[in-house]
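For reference, the structure is listed below as structure tokens.
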């Protein structure tokens with residue numbers, strides 16, 4: 001309370017009024033970034049709304065409106081323009097945090113014109129010029145993601161009607177989505193490497209399918225049979241993770257499993273009530289693969305599937321043709337690429353990876369491109385450099401996991 005009242009707010013106000021955008025040696029964007037972090041805490045938001053700080057949200061909108069005017073007239077100093085844009089992104093993140101609370105949504109609706117102005121700015125040429133050269137702290141979301149989050153919370157989008165098969169009939173295939181904080185990407189990759197080779201599972205995760213916008217994420221959630229939430233303190237503090245979990249629990253009522261990355265992590269706040277009755281598993285200091293097997297049992301129980309981790313997950317050489325095809329699917333590679341190469345087993349795939357990665361991929365692309373387009377001429381299917389590079393990146397990752405097996 002004392003910090004926001006007597007230190008942070010006066011510092012930001014003085015910077016605005018004096019047109020210096022600074023407090024001592026700090027630029028206003030640095031102060032706003034502190035505020036973004038504080039606003040991930042629901043108790044802090046309640047505090048600033050209820051303890052004589054009722055002007056805070058309107059103050060945020062006033063500052064945002066003023067800064068949008070500054071950046072829209074493109075200030076001559078390019079470095080200052082970058083700092084203005086960073087401050088706008090921070091303010092959008094703060095408004096996103098506020099929008100999770102029903103009791104505070106009226107203030108957002110009352111300022112809908114400013115939010116519309118913010119959305120228009122996000123698609124402007126200024127953003128395209130500034131963003132590539134900007135550093136955005138990891139705990140802050142992009143401007144596009146923050147705006148999408150505000151809209152979704154204030155005016156929820158209509159979801160596709162997805163029927164969940166609750167019958168006891170055994171299913172042969174399952175689509176699985178993993179929701180996680182990007183701070184926990186190493187653990188997520190470990191888990192993905194285990195489950196992505198199972199022919200019965202199609203695993204969706206953003207670092208693999210490149211779906212980072214809310215509309216794409218929501219569609220992936222709707223199309224999934226089951227969602228795994230990788231629970232941690234990073235997950236708790238992530239607005240993106242919060243929105244995904246609320247969409248699953250409150251909107252779609254879809255089955256999910258809470259996967260605790262740290263065995264001793266205790267949930268609190270907004271997360272506690274939503275996952276308290278869910279199926280849960282904790283990864284502690286015991287063997288990672290053994291815990292994965294337990295998680296697989298939970299997935300089977302949730303979806304009535306027959307699956308097993310009977311193979312050594314790192315031994316790609318033992319894959320059959322079906323598992324090779326599943327690898328193509330899991331990496332979102334063109335199905336035509338699989339049909340073109342027709343690898344019969346994992347050993348053939350690894351040998352090709354070893355051979356092709358020893359040289360520049362562009363030479364192989366030029367060699368393959370002509371033959372590929374001849375084979376799929378009737379379908380008018382072309383092989384772009386982007387699609388082939390995705391294939392090369394997937395091969396590189398596969399080879400790195402099997403360094404000692406070729």
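The values are calculated or read from the model by the stated rules, or taken from the named source; none is laboratory data. Since the model is a prediction, treat every value here as computed from it, not as a measurement. So basically every Cβ, Gly included, is an ideal-geometry build from the backbone, and we count neighbours across all protein chains shown.
Here are some notes:
- For first residues located in region 130-143 and farther than 18 Å from residue 236 by Cα and outside the structural domain of residue 185 (by TED's automatic domain parsing), partners that are modelled with pLDDT of 80 or more and crowded, with 16+ Cβ neighbours inside 10 Å and lie 6+ apart or on another chain with Cβ distances below 6 Å form the pairs 130/82; 130/85; 134/82; 143/89; 143/92; 143/122.
- Evaluated against (1) touching a residue at least 12 places away in the same chain (Cβ under 8 Å); (2) assigned to a helix (DSSP H, G or I), residue 157 falls short on exactly one condition, (2).
- Residue in region 132-145 that is at pLDDT below 80 and in a helix (DSSP H, G or I) present: yes
- Check on residue 299, part of a strand (DSSP E or B) and in contact with a strand residue (DSSP E or B) (Cβ under 8 Å, 6 or more places away or on another chain): no
- Residue within region 344-361 that is outside the structural domain of residue 204 (by TED's automatic domain parsing) and under 13 Å from residue 196 (Cβ atoms) present: no
- Any hit, region 342-351, residues being under 33 Å from the mean Cα position of the chain (by Cα), assigned to a helix (DSSP H, G or I) and touching a residue at least 60 places away in the same chain (Cβ under 8 Å): no
- In the set 184, 206, 225, 250, only one residue is free of Cβ contacts under 8 Å to residues at least 60 places away in the same chain and either touching a strand residue (DSSP E or B) at 6+ places or on another chain (Cβ under 9 Å) or farther than 30 Å from residue 45 by Cβ (or both); that residue is 206.
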